[in-house]
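Trainee: One structure coming up, written as structure tokens, with questions to follow.
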Amino acid sequence: MSDVRVPLLDLRPQYAGLREEIAEAIQGVLDSQQFVLGPEVEALEAEVAAYSGAAHGVGCASGSDALLLPLMALGVGPGDQVVVPTYTFFSTAGSVYRLGAEPVFADIEPRTYNATPETLARAAERCTRLKAIMPVHLYGQAADVDGIAALGASLGVPVYEDAAQAIGAEDARGRRVGGAGQTACFSFFPTKNLGSFGEGGMVTTDDPDLARELRQLRVHGMEPKYYHAKVGLNARLHALQAAVLRVKLRHLEPWQEARRRNASHYDELFRNAGARTSAVPLAEGGLPLRVPAIPEEPVRHVFNQYVVRVPAERRDALRAHLTEHRIGSEIYYPVPLHLQECFRELGGKPGDLPESEAAARETLALPIFPELEKRQREHVAATIVDFLS
Ligand SMILES: *Cc1c(COP(=O)(O)O)cnc(C)c1O
């Protein structure tokens with residue numbers, strides 16, 4: 001057996017190249033003894049907003065808070081409904097539910113795994129008190145921002161984008177996510193393309209009044225000090241995380257390009273072995289492997305995840321085979337949100353959102369982190385092709 005090991009994600013090589021720069025940034029915060037919000041956070045807000053093409057950035061404690069705060073600003077509460085994709089990380093829907101409102105789930109399309117204007121519209125038709133639409137740019141690929149904005153406008157509700165996995169992704173018009181819509185949420189969880197040394201998040205928006213309100217809500221709705229016109233929460237970003245993120249942001253573009261190069265290399269290896277893209281259903285034959293369609297420019301997929309698809313009855317065996325060959329993988333996500341136990345009272349049933357349910361049975365995420373070596377990519381591809389052939 002090959003002695004190549006391929007973890008799903010290894011953050012150590014990235015850190016090794018940044019040790020000194022990061023130590024210096026952290027030392028600066030320690031010397032200032034300013035740990036919460038403050039100049040490092042403000043500088044990061046300006047830099048992430050500029051990177052994303054937005055006017056304002058509001059740093060907060062996590063990506064989950066960056067989803068929650070705009071909903072709180074809008075006054076979403078009991079009886080209200082917000083449309084979200086069912087095939088996403090939990091917090092997209094959790095942010096709605098914890099405000100007492102109802103997440104109404106939309107299906108995805110199988111080529112990109114994103115919800116579309118059509119699937120979101122179908123979910124919106126089931127709503128009587130729709131307050132917002134929250135599309136997700138899944139795996140690092142922009143959803144149809146224009147089509148979804150038009151849907152929001154026609155229904156008279158805002159669109160709050162979940163861009164937690166997609167910092168730096170560009171849409172069909174070449175615009176960065178976070179710069180085109182009403183708000184976008186970013187996460188700085190360590191596994192994201194721009195990861196902190198713990199937790200962190202940001203909301204971007206072009207609306208100065210909304211930005212002010214979000215800043216107020218992240219400190220218990222306080223403005224001025226100890227006067228509270230609204231009930232918010234403690235959702236502040238730490239200065240140490242901001243200092244680390246500012247260093248990493250300066251290196252983000254080469255990492256994005258490395259992820260894209262890794263994806264192109266996998267694409268070549270898998271397609272040469274007979275795999276087809278996710279645009280072609282598994283039922284149409286060929287090697288029983290579907291790889292992400294690499295979008296044409298100006299679309300920029302930043303591959304937070306590289307997710308392939310195999311027949312449901314072979315997926316878990318493939319995963320075990322990879323583990324045996326020291327290759328990390330993960331299932332994002334095994335249970336669509338409309339079938340989660342905690343949402344049972346909402347009445348979701350198997351069969352309701354078939355594309356998401358099929359994706360949950362058939363997808364597998366492979367190692368894609370920027371520092372992945374050529375021989376590691378070759379080992380991953382060869383091991384998978386060998387198993388499926
Ligand atoms: C990571 C993630 C979040 C939440 O971000 P945290 O920083 O972990 O709170 C929200 N939505 C999606 C799609 C994510 O991948």
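Trainee: Tell me, which helices (runs of 4 or more DSSP H) wholly within region 306-389 include 3 or more residues that are surrounded by fewer than 17 Cβ atoms within 10 Å (Cβ to Cβ)?
Mentor: Counting at least 3 such residues, we get 312-324, 374-388.
Trainee: Now, a different point. Any idea which residue in region 104-122 is nearest to G94 (Cα to Cα), counting only those that are out of contact with any Ser or Thr (no Cβ under 9 Å at 6 or more places or on another chain) and among the aliphatic types (A, V, I, L, M)?
Mentor: Residue satisfying both the conditions and the ranking: V104.
Trainee: Is region 152-162 home to any residue that is at pLDDT below 95 and within 16 Å of the ligand (Cβ to nearest atom)?
Mentor: Within region 152-162 (the criterion being at pLDDT below 95 and within 16 Å of the ligand (Cβ to nearest atom)), the answer is no, since none of the residues qualifies.
One line per residue, one yes/no per condition, for (1) within 15 Å of L71 (Cα to Cα); (2) assigned to a helix (DSSP H, G or I); (3) within 16 Å of the ligand (Cβ to nearest atom); (4) at pLDDT 95 or above:
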{"position": "M202", "(1), (2), (3), (4)": "yes, no, yes, yes"}
{"position": "A211", "(1), (2), (3), (4)": "yes, yes, no, yes"}
{"position": "L214", "(1), (2), (3), (4)": "yes, yes, yes, yes"}
{"position": "Y226", "(1), (2), (3), (4)": "no, no, no, no"}
{"position": "K230", "(1), (2), (3), (4)": "yes, no, no, no"}
{"position": "R236", "(1), (2), (3), (4)": "no, no, yes, yes"}
{"position": "Q241", "(1), (2), (3), (4)": "no, yes, yes, yes"}
{"position": "L245", "(1), (2), (3), (4)": "no, yes, yes, yes"}
{"position": "K248", "(1), (2), (3), (4)": "no, yes, yes, yes"}
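Trainee: I've got another one for you. List pairs: first in region 237-260 and open to solvent by 30 Å² or more (accessible area, probe 1.4 Å), second part of a helix (DSSP H, G or I), Cβ under 6 Å, 6+ apart or cross-chain?
Mentor: L240/V29; R246/L44
Trainee: So if I check each of E21, E47, which one is more than 20 Å from the chain's Cα centre (by Cα), touching a residue at least 60 places away in the same chain (Cβ under 8 Å) and open to solvent by 50 Å² or more (accessible area, probe 1.4 Å)?
Mentor: It is E21.
Trainee: Can you work out which of the residues in region 176-200 that are open to solvent by less than 30 Å² (accessible area, probe 1.4 Å) and within 14 Å of L71 (Cα to Cα) is nearest to the chain's Cα centre (by Cα)?
Mentor: Among those that are open to solvent by less than 30 Å² (accessible area, probe 1.4 Å) and within 14 Å of L71 (Cα to Cα), it is C185.
Trainee: Please go through (1) open to solvent by 80 Å² or more (accessible area, probe 1.4 Å); (2) within 11 Å of the ligand (Cβ to nearest atom); (3) of a type outside the set (V, I, T); (4) touching a strand residue (DSSP E or B) at 6+ places or on another chain (Cβ under 7 Å) for H220 and return the number of the only condition it doesn't satisfy.
Mentor: (2)
Trainee: Let me ask another. Which condition breaks for S356 when tested against (1) modelled with pLDDT under 95; (2) closer than 26 Å to F189 by Cβ?
Mentor: Answer for S356: the failing condition is (1).
The values are calculated or read from the model by the stated rules, or taken from the named source; none is laboratory data. It should be emphasised that the depicted structure is a prediction, and the values quoted were computed from it without experimental measurement. Here Cβ is always computed from backbone atoms with ideal geometry, including for glycine, and neighbour counts include all displayed protein chains. For the accessible areas, the whole protein counts, side chains as well, though only heavy atoms, and no ligand, DNA or RNA atoms are used. Shrake-Rupley method; radii C 1.70, N 1.55, O 1.52, S 1.80 Å.
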